[in-house]
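A.B. asks: Submitted below is the structure of interest, expressed as structure tokens.
Readers should treat all values here as calculations from the given coordinates under stated rules, not as data from a laboratory. Quantities reported herein were computed from a predicted structural model and do not represent experimental measurements. Virtual Cβ from ideal backbone geometry, glycine too; neighbours counted across all protein chains shown.
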């Protein structure tokens, strides 16, 4: 079910966040990336300390994909996002594409994803409830590893 590595969180507010900083988040859902043959869960979340979002500007009829993305990101915060179903599809697609292709710059092949066989209509995206089970399993795995002797 997992590669045994720590769970990766993908925070969707698009606000700057220092590496290694700690904050409270709301789990929205997950994507199961297959990286080098193992499942590497990407848990989609939103910071809980974000201020109320400003209202996005009206969408022009000639809006580009990037301008639509900017308008969506203006309203991605803990007041507007409660589950992965609240995340604009364009944002989910960008996350999927980035993780699929990010290692190709190193000459490695594109990554693939674990399909959601429990809820096939979701494609590669897992619901908040499914993600809670994924996290519980990862926690159990981590607890088991804490009892194992350290291999050198």
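A.B. asks: Beta carbons within 10 angstrom, averaged per residue: use that to sort the peptides 133-145, 88-100, highest first.
C.D. replies: Taking the mean over residues of other Cβ atoms within 10 Å, the ranking is 88-100, 133-145.
A.B. asks: Show log10 I(q)/I(0) for segment 81-152 at q = 0.15, 0.17, 0.21, 0.27 Å⁻¹, two decimals, from a solvent-free Debye sum over equal Cα scatterers.
C.D. replies: -0.74, -0.86, -1.00, -1.17
A.B. asks: With label points built 7 Å along Cα→Cβ from the Cα atoms of residue 103 and residue 85, find their separation and express it in nm.
C.D. replies: With each label point 7 Å from Cα toward Cβ, the separation is 3.3 nm.
A.B. asks: Then there's this: What nm distance separates the two modelled labels at residue 136 and residue 26, each placed 7 Å from Cα along Cα→Cβ?
C.D. replies: Reported label-point gap for residue 136 and residue 26 is 2.2 nm.
A.B. asks: Sort 16-25, 111-120 by packing, meaning the average of other beta carbons within 10 Å per residue, with the highest value first.
C.D. replies: Ranking, from highest mean packing down: 111-120, 16-25.
A.B. asks: Can you give me the distance in nm between label points at residue 17 and residue 121, each placed 7 Å from the Cα along the Cα-to-Cβ direction?
C.D. replies: 2.9
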